[in-house]
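These notes concern the structure reproduced below.
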Amino acid sequence: MKHAMRWFFVAALGLAGCNFPTRGGDGGHAAGPQAWIDRPLEGSGFLLGDTVPIVWHASGDDGLRRVEVQVNGETMDVVDALQGDLDPDLFLVEGEFVWTPDEAGEYLLQIVPTGPDDAEGAPAENRITVFADGGSIAGAVYADLNEDEDADDPGEGPLEGVTVILVECTEKLSLITTANGGFRFENLPFGTDCRMD
């Protein structure tokens, strides 16, 4: 009886081993297609008018049928095995799509892989921000000798030749005020706080 139980246990293990699913290649239970975005990185920023190279990879245990590049849910590019754009037997593919945004804002970039059985994998996602050409900071420097918050008193008024320094929102910038005390910094990145010294 003891021997019979041992053989029964060995036979059960052998049969159980035959029922494990296999991955890939032969139509077994392959992992779904996957994708990732190499560039641009999550949180990257671009100026309006810049080109944005979207570099990606996709993989599937049974190969890939299609890969879509989407921006805010809109399909911008399709690499499709049925169109001859990619070899469906490849397990790993790479691609690049160059996109030029037509307006400032936040964009969701997605790479959507599809396997040979038309099953979509989870999309790879990165968010980027496209800034307008840049903002400006302008003002004037006045003498307010009696500190009454105006420059209307005798001896007060605009100061020419004063150095105004802008720090923290970009590399350190400086300007000299004009005859009317005025200054203007241009093409500053949006979404940042600036401080003047």
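Here, each number is a calculation from the coordinates, and none is a lab measurement. All of these numbers come straight from a predicted model, not from anything done at the bench. Neighbour counts are summed over all protein chains in view; Cβ atoms, including those assigned to glycine, are modelled from backbone coordinates with ideal geometry.
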* Within region 44-74, whose backbone N sits under 19 Å from a point 7 Å along Cα→Cβ of LEU92? -> 55-67
* Can you pull the one-decimal nm distance between simple spin-label points at THR51 and GLU125, each 7 Å off the Cα toward Cβ? => 2.9
* Structure fact -> Given backbone amide H placed at 1.01 Å from N, residues whose amide H is under 5 Å from that of TRP99, ignoring those fewer than 5 places away on the same chain, are VAL52, ILE54
* Asked: What ³J(HN,Hα) values, in whole Hz, does the Karplus curve 6.51 cos²θ - 1.76 cosθ + 1.60 give for region 82-99 when θ = phi - 60°, with x put for Gly and Pro?
  -> 5, 8, x, 6, 8, 7, x, 8, 6, 8, 9, 10, 10, x, 9, 10, 9, 10
* Asked: Given H placed 1.01 Å from N in the peptide plane, which residues other than close sequence neighbours of LEU86 have an amide H under 5 Å from its amide H?
  -> ASP80, ALA81
* Asked: Given 0.36 nm per residue, what is the gain on full extension from THR100 to ASP118 after removing their alpha carbon distance, in nm?
  -> 3.5 nm
* Asked: Ordered by residue, what ³J(HN,Hα) values in Hz, to whole numbers, does region 106-122 give under the Karplus form 6.51 cos²θ - 1.76 cosθ + 1.60, where θ = phi - 60° and Gly and Pro are x?
  -> 9, 10, 9, 9, 9, 10, 10, x, 10, x, x, 8, 6, 7, 7, x, 5
* **region 57-197: relative contact order as a whole-number percent, Cα under 8 Å and 6+ apart** => 19
* Asked: Efficiency by 1/(1 + (r/R0)^6): what FRET value for ASP85 and ASN187, r their Cβ-Cβ distance, R0 = 30 Å, to the nearest 0.05?
  -> 0.15
* Structure fact -> With label points set 7 Å from each Cα along the Cα-to-Cβ direction at ALA179 and ALA143, the distance between them in nm comes to 1.8
